[in-house]
Amino acid sequence: MSQKIPVILDIDTGSDDAVALITALKAPELEVKWIATTWGNVPLAEATENSLRVLDLARSAGLLAAEIELYAGAERPLARDLHEGRRRRDRYSGLIDGEEVYMHPPILPGRPYTQQAEAQFAPFKYIDYLSSATEPQTIIATGPLTNLAIALSLEPNIVSKIKELIVMGGGYQKANVTPYAEANFWNDPEAVACVLHSGLKPLLVPLDATHEAYLRESEYREIFANSGELGEFCCALLEQRQKLHDLNQPLAEPQAVTLHDVLAVCAAFAPQLLSDCLEVHCQICLSAQANGHLVIDRRENPAEANARFAYHADRAAFVATLTRLFQA
């Protein structure tokens with residue numbers, strides 16, 4: 001096998017981030033160097049605890065030979081909460097059979113964990129780690145981009161040490177948290193603007209792609225069938241996501257789930273899962289109803305490209321990739 005791709009994960013660990021972290025640890029093509037947590041799906045303290053719980057579960061399943069350092073980062077957006085009408089949204093949940101079900105449970109199930117977060121602030125870790133890196137690094141961000149935006153604002157030169165930035169966020173014909181915006185970008189649009197103007201030219205894995213790469217219930221149960229406690233953990237999270245999709249956000253098929261963050265992780269080693277991945281110029285809206293909406297320049301002569309945008313994804317290939325990873 002070719003040399004592993006070293007990656008940094010920046011996550012706001014709710015349900016799909018948890019499965020994405022497990023996927024990154026399972027993938028023989030990837031080497032997770034360290035993890036940054038941020039607020040987003042859940043508050044920072046919960047995202048950090050959830051990440052540590054997943055790491056503990058992965059360790060007990062034999063996925064980790066040694067601890068992977070984890071650094072807690074931003075607990076609020078750069079500027080959004082300073083403006084009237086741009087406050088944080090409520091958690092995405094629904095009442096099913098008299099029980100409140102969360103898309104992202106406040107605290108994930110699991111045993112008490114022993115590992116603790118490192119003392120250093122995650123954006124400072126970015127600066128120190130990237131400044132001393134001998135080779136450019138890959139970053140996969142599946143939550144708000146606050147950590148990276150802070151680091152880039154303090155030390156813009158670290159751009160030269162980032163080989164690829166893969167971001168789960170945005171949408172062209174799809175939205176979820178408002179009629180116009182995807183949740184990660186809506187959560188901290190100023191951070192998105194900082195990244196888009198940094199010169200990084202990130203690969204955006206938007207809702208357009210992730211909603212095409214859904215899993216049927218029968219598929220995810222089969223994928224995780226032979227993974228023991230790890231598989232049971234993933235299936236329990238996906239079952240809750242499935243219920244809420246059917247209740248509030250129907251997909252192309254009933255009894256199916258999206259795995260936004262898992263697709264972003266897989267794109268790091270299997271870019272062929274994404275299709276119509278085009279260089280575009282895009283900007284993020286920062287006010288009123290369009291807050292967090294990603295706008296793509298559709299003119300015949302657009303401005304210079306500042307991102308790559310995946311308009312579609314290959315669902316069958318995504319299912320096959322996860323099957324290979326978890327049925328090995």
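The values are calculated or read from the model by the stated rules, or taken from the named source; none is laboratory data. Because the structure is a prediction, the values reported are computed rather than measured. Positions of Cβ are generated from backbone atoms using ideal geometry, with glycine treated the same way; all protein chains shown enter the neighbour counts. SASA here: full protein model, heavy atoms, side chains in, ligands and nucleic acids out. Shrake-Rupley method; radii C 1.70, N 1.55, O 1.52, S 1.80 Å.
Being open to solvent by less than 50 Å² (accessible area, probe 1.4 Å), within 26 Å of residue 5 (Cα to Cα) and out of contact with any Pro (no Cβ under 9 Å at 6 or more places or on another chain) is the filter here, so list the residues in the range 270-287 that pass it. Hits for the range 270-287 are 270, 273, 274, 275.
Residue 42 meets each of the listed conditions (1) at pLDDT below 95; (2) among the hydrophobic types (A, V, I, L, M, F, W, C); (3) assigned to a helix (DSSP H, G or I) apart from (3).
Looking across the range 131-149, the residues that are out of contact with any strand residue (DSSP E or B) (no Cβ under 6 Å at 6 or more places or on another chain) and among the small types (Gly, Ala, Ser) come down to 131, 132, 133, 149. Among residues of the range 144-179 being farther than 28 Å from residue 212 by Cα and not hydrophobic (A, V, I, L, M, F, W, C), the one that is surrounded by the fewest Cβ atoms within 10 Å (Cβ to Cβ) is 157. Within the range 208-231, the only residue that satisfies the criterion of being at pLDDT below 95 and among the charged types (D, E, K, R) is 229. Once the range 288-311 is narrowed to residues that are polar (S, T, N, Q) and open to solvent by less than 60 Å² (accessible area, probe 1.4 Å), the residue that is nearest to residue 139 (Cα to Cα) is 306. Within the range 35-47, none of the residues are within 18 Å of residue 229 (Cα to Cα), out of contact with any helix residue (DSSP H, G or I) (no Cβ under 8 Å at 6 or more places or on another chain), surrounded by 17 or more Cβ atoms within 10 Å (Cβ to Cβ) and touching a residue at least 12 places away in the same chain (Cβ under 8 Å).
Close contacts from the range 228-249, counting a first residue that is within 26 Å of residue 174 (Cα to Cα) and open to solvent by 40 Å² or more (accessible area, probe 1.4 Å) and a second that is among the aromatic types (Phe, Trp, Tyr) and in a helix (DSSP H, G or I), with Cβ to Cβ under 9 Å and a gap of 6+ residues or different chains, come to 239/220.
Here the range 67-89 is the region considered, the condition is being at pLDDT below 85 and under 22 Å from residue 10 (Cα atoms), and the residue that is least open to solvent (accessible area, probe 1.4 Å) is 81.
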